[in-house]
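For reference, the structure is listed below as structure tokens.
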Amino acid sequence: MQYPISGGQIIGFSESRSGSQTFQSTNPATGSLNEWHFLEATPQEADRAMQMARQAFRVYRQKPGPARAAFLRRIAELLEEGAEALVPLYVAESGLPEGRARGELGRTTGQLRKFADQAEDGSWMAATIDTADLARQPIPKPDLRKCLAPLGPVVVFGASNFPLAFSTAGGDTASAFAAGCPVVVKGHPLHPATGEWVARAIQQAAEQTGMPEGVFSHLQGTTHSLGASLVQHPATAAVGFTGSRAGGLALAALGQGRQVPIPVFAEMGSINPVLLLPEALSAGDKWAAAYAQSVTLGTGQFCTNPGLLIGLEGEALEGFRETLAREMNQIPQACMLGEGIAARYIRMQETLLQENGVRRIGAPAAAPGVNCVPPTVAAVSGSDFKASPTLQEEVFGPFTLVVGCRDEGEMLQVLESLEGQLTGTVLASEAECGQYRVHIAALESRVGRILFNGVPTGVEVGPAMHHGGPFPATTDSRFTSVGADAIYRWARPVSYQNAPQELLPEALRDANLLGIWRTIDGVPTRESIHNE
Ligand code: NAP
């Protein structure tokens, strides 16, 4: 499968080339410009994409689950068929190795198929029927039926660190399509060729499976004004975003400031605290080696990167810190995703190292190539950590801060001072899990996922995953951007009272033609309602 990279906007079933300003992506591994030129989308193109999405919503929302599923599965097939063309684009724009590209492609097509299954199954709509009781006293009980309905056009901001799995055809897009929402993607400017290629595959899949024109558009640009105009457009019903806190907060404020406010589901990263309990540290160098891998995985450019390790000061913690720093320096360094991200890492790392009481562990390794950065382990006492809000800021990259607490009381205070996080990890023996219950509970209250005796990097895409967390990790801790429940961001409940059968959504009619699980008069069932 070959698609041209021509640098235009993909709007509905056409390509649009109205803009005059162009930009190029850079190969982060070499520092040289990639060959393709991309047009910046104009305000008129942004408006057209949103107007078409609004039109398409009227048709797409009525498409039965199996039809949406066919669309999602076709996207997955086209991505797989084109892997040999797509992978080199990904590598040239991200600097990430080919193996990562192929792994992420597999995750992306897996997500598309999981959301296809969900769309087809339809049980996610949570169809609930309370049948009428006309004999009820003192007043008759009405027939009341409720299910989830799609919100409307969704704007998705692709993430720099996942050019496939959190970008054009990533989890936000797939879950929105599954829910019945058209999608307009604002491509990430670091990987516009990857974005355009994937957008063309989605465009083709939409045409081949009979989806309405406008169900998908893809706009490129390097200015905040493009993203802002999409969030502010009256046709936009919701927004999915993964990226920086500054970006997420700016877009969330725009979503709230509209005449009709809309939800902006922003995942803004996290420092993913790890509680290092004494018996775990006494188990040799196992955890230092595992954390050296986890902190440097993908050059630390993961939202689940463990950026904060909290232990009790003493010989064991000291040994752990030294081994961790040594191991991290031995891991071959790869480039970061872009010059700006590498520069931000250096700046943030220096800012944190200058905070009161913070010291670097070991000597910094030389950074061998373009956009490469030295991995860093820093250390600070519990009291200095508590005194500095700066020390809770994300250093996006291979950085971690080890907090040495004076005693268990201070350790609890440190945990209680933490901001909201995507994940929290506990390294503990079985006995410590009981002994440190209060500490573990304090950590749990601040995170969306708590894990035991492992590393937080590596997010399983499954029904029980929650990839979200209290603010500022995300703008709404009740929702996830990974796993089956991601679909609930794009839907709202609607109740129908005494509605005629033909006006009800299929999911709520007496005959359960979709064969979905429904709750009828309090009982989960797949049965139809039979009226004598
Ligand atoms: P970003 O700067 O937040 O940008 C993400 C997307 O949002 C881009 O398309 C950007 O487009 C748009 N955007 C950002 N601020 C905006 C604003 N005020 N108004 C409208 N649109 C806006 O993230 P990034 O480029 O991926 O990386 C920058 C930093 O974000 C990293 O160094 C890292 O600290 C953090 N980050 C965190 C995660 C995570 O998982 N938490 C992931 C990636 C990055 P334009 O720039 O074209 O406007």
Fill in the blank from the handout: Whole-Å distance linking the alpha carbon centroid of region 248-267 with that of region 276-305 is 35
Problem - In region 1-110, the GluC sites (Glu not before Pro) that fall in loop regions by DSSP, at most 12 other Cβ within 10 Å - result: Glu35
Practice task
Could you please state how large a percent of the accessible area of the chain is carbon and sulfur, counting protein chains only and using a 1.4 Å probe?
Solution key: 53
Fill in the blank from the handout: With +1 on the Cβ of every Lys and Arg and -1 on the Cβ of every Asp and Glu, the dipole magnitude of region 273-452 about its Cα centre, in debye rounded to the nearest 20, is 460
Completion exercise
Here the relative contact order (percent) of the chain, from C-alpha pairs under 8 Å and at least 6 apart, is 17
Practice task
With viscosity set to 1.306 mPa s and temperature to 10 °C, compute the Stokes-Einstein D of region 273-452, Rh being the Kirkwood radius across alpha carbon pairs; µm²/s, no decimals.
Solution key: 98
Problem - Helix-only CD estimate at 222 nm, as mean residue ellipticity for the chain, using -39500 (n - 2.57) per DSSP H run (n ≥ 4) - result: -11500 deg cm²/dmol
Handout entry: In degrees, nearest ten, helix 65-81 long axis to first principal axis of the chain (Cα)
Key = 50
Practice task
Find which of Thr128, Asn371, Gln55 sits farthest along the positive direction of the dipole of the chain, computed with +1 on the beta-carbon of Lys and Arg, -1 on that of Asp and Glu, about the Cα centre.
Solution key: Gln55
Exercise for the section: Calculate, axis by axis, the spread of Cα positions in region 22-168 along the three principal axes, and write the results as whole Å, longest axis first. Expected result: 78, 37, 23
Problem - Euclidean distance between Cα centres, region 491-532 to region 19-77, Å - result: 36
Exercise for the section: Run the quick spin-label model on Ser6 and Asp121: label points 7 Å from Cα toward the beta carbon, then report their separation in nm to one decimal. Expected result: 4.0
Fill in the blank from the handout: Distance in Å, no decimals, from the C-alpha centre of region 172-193 to the one of region 110-144 is 28
Exercise for the section: Answer with one residue from Gly382, Gly307, Pro273: the one whose Cα lies farthest towards the positive end of the charge dipole of region 273-452, charges on Cβ with Lys, Arg +1 and Asp, Glu -1. Expected result: Gly307
Handout entry: Selected from Ala70, Pro43, Gln111, residue furthest toward positive end of dipole (region 1-141; charges at beta carbon)
Key = Ala70
Practice task
Mind scanning Lys63/Lys186; Lys114/Lys386; Lys114/Lys146; Lys286/Lys386 and naming the pairs with a C-alpha gap bigger than 32 Å?
Solution key: Lys114/Lys386
Completion exercise
Toy charge model, Lys and Arg Cβ at +1, Asp and Glu Cβ at -1: the chain dipole around Cα centroid in debye, rounded to 20, equals 1120
Practice task
Round to the nearest 10 and give me the degree value, 0 to 90, for the angle of helix 43-60's Cα axis relative to the longest principal axis of the chain.
Solution key: 50
Practice task
Quick one: angle between helix 98-121 and the longest Cα principal axis of the chain, in degrees between 0 and 90, rounded to 10, please.
Solution key: 30
Fill in the blank from the handout: With every protein chain in place, the accessible area of Lys146 for a 1.4 Å probe, in Å² rounded to the nearest 10, comes to 90
Exercise for the section: Scan region 42-136 for trypsin sites (Lys or Arg not before Pro) in coil per DSSP, keeping those whose Cβ has at most 12 other Cβ atoms within 10 Å, and list them by number. Expected result: Arg136
Practice task
Rounded to the nearest 0.05, what FRET efficiency do Gln293 and Asp133 give with R0 = 41 Å and r taken as the Cβ-Cβ distance? Could you check?
Solution key: 0.10
Practice task
List the relative contact order of region 387-516 as a percent without decimals, with contacts defined as Cα pairs under 8 Å and 6+ residues apart.
Solution key: 18
Completion exercise
Low-density loop GluC sites (Glu not before Pro), region 423-472, at most 12 other Cβ within 10 Å, DSSP non-H/G/I/E/B, are Glu460
Handout entry: Accessible area (Å², per residue) of the chain, counting only protein heavy atoms and a probe of 1.4 Å
Key = 40
Handout entry: Relative contact order [Cα under 8 Å, 6+ residues apart], region 273-452, whole percent
Key = 28
Exercise for the section: Restricting to the chain, compute how many DSSP beta bridges are antiparallel as a %, nearest 5. Expected result: 40
Problem - Translational diffusion coefficient (Stokes-Einstein; Kirkwood radius from C-alpha pairs) of the chain at 25 °C, 0.890 mPa s, in µm²/s - result: 100
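The values are calculated or read from the model by the stated rules, or taken from the named source; none is laboratory data. This is a predicted model, so every value here is computed, not measured. Ideal geometry is used to build each Cβ from the backbone, glycine not excepted, and the neighbour counts take in all protein chains shown. Each accessible area value is taken on the protein alone, full model and side chains, heavy atoms only, with ligands, DNA and RNA left out. Shrake-Rupley method; radii C 1.70, N 1.55, O 1.52, S 1.80 Å.
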